[in-house]
Amino acid sequence: TLFRSNPFETGIEFASLEPDTDYVAQVQLTNNYDLTGYSSKLVFHTYANPLVVIDSVRVLSTGVYVMATVTLDARDEVKSLSLYADDSDAGEPVYDPARLSGSLVSFDTATGQAVFQIGGLAYETAYDLQVLLEARGGQARSAKSTITTLPEPVRASVTTQAATVIRSDKARLNATISNTGYTSIIEHGFLYSATNAHPVRGALEAIEVM
């Protein structure tokens, strides 16, 4: 029973509502004289469930870069975003920040685009990746993305081929890259010299063409 002579506030929290749904609420009050009053009707719309999807994964030898998209209700906001990795046969990933957790490199609130990186993985090993989203409107997990890390990096392998288009003032140099060393090539080119059979980069007689 509620009774006060002055205006006062009361409230109640509803649970088990459906997401992204319109509801109509109204307050009913009955006093000791069995007189009942009703408030005006209130219409409200619950938040849509948050969603996170892994779009792409760039796999390295001991780590990965993960691109994901977050979709939120327009009124919602992100509380935290985390990337986790676990052995592919371990079931649900263990959400332990001290073990195989990634870092958020960037997050664009306008587009929902997130970039993560994670390191410390073993060579040539399968892992399940999953992104965990904590928002005001609830929690969401991405579907698992299973990857296998690359072998241990080795020296890149390249073989020079016969020069072609040789003229009095020019020649075309050719080579075949047979192995990138399980990593990205950030630079490639030729060294040549008219005086040194084994030109070294940085030497005065060596000419670089990159």
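The values are calculated or read from the model by the stated rules, or taken from the named source; none is laboratory data. Model, not experiment: these values are computed from the prediction. As a convention, Cβ positions derive from the backbone with ideal geometry for all residues, glycine included, and neighbour counts pool all protein chains shown. Each accessible area value is taken on the protein alone, full model and side chains, heavy atoms only, with ligands, DNA and RNA left out. Shrake-Rupley method; radii C 1.70, N 1.55, O 1.52, S 1.80 Å.
Considering only residues that are out of contact with any Leu (no Cβ under 6 Å at 6 or more places or on another chain) and surrounded by 11 or more Cβ atoms within 10 Å (Cβ to Cβ), look in the stretch 91-102 and name the one that is modelled with the highest pLDDT. Per the criteria, the residue is S101. Of the residues making up the stretch 18-38, those that are surrounded by 10 or more Cβ atoms within 10 Å (Cβ to Cβ) and farther than 30 Å from N49 by Cβ number 3. All conditions but one from (1) surrounded by fewer than 18 Cβ atoms within 10 Å (Cβ to Cβ); (2) of a type in the set (F, W, Y); (3) under 16 Å from the mean Cα position of the chain (by Cα) apply to Y123; the one that does not is (3). Being in contact (Cβ under 8 Å) with a residue 40 or more places away in the chain, open to solvent by 70 Å² or more (accessible area, probe 1.4 Å) and closer than 29 Å to Y84 by Cβ is a property that holds for Q113. Could you check the stretch 55-76 and list, in sequence order, the residues that are of a type in the set (S, T, N, Q) and assigned to a strand (DSSP E or B)? Once the filter is applied, which keeps residues that are of a type in the set (S, T, N, Q) and assigned to a strand (DSSP E or B), the stretch 55-76 yields S56, T69, T71. Scan the stretch 51-62 and give yes if some residue there is open to solvent by 100 Å² or more (accessible area, probe 1.4 Å), at pLDDT below 95, at negative phi and not charged (D, E, K, R), otherwise no. No, the stretch 51-62 contains no residue that is open to solvent by 100 Å² or more (accessible area, probe 1.4 Å), at pLDDT below 95, at negative phi and not charged (D, E, K, R).
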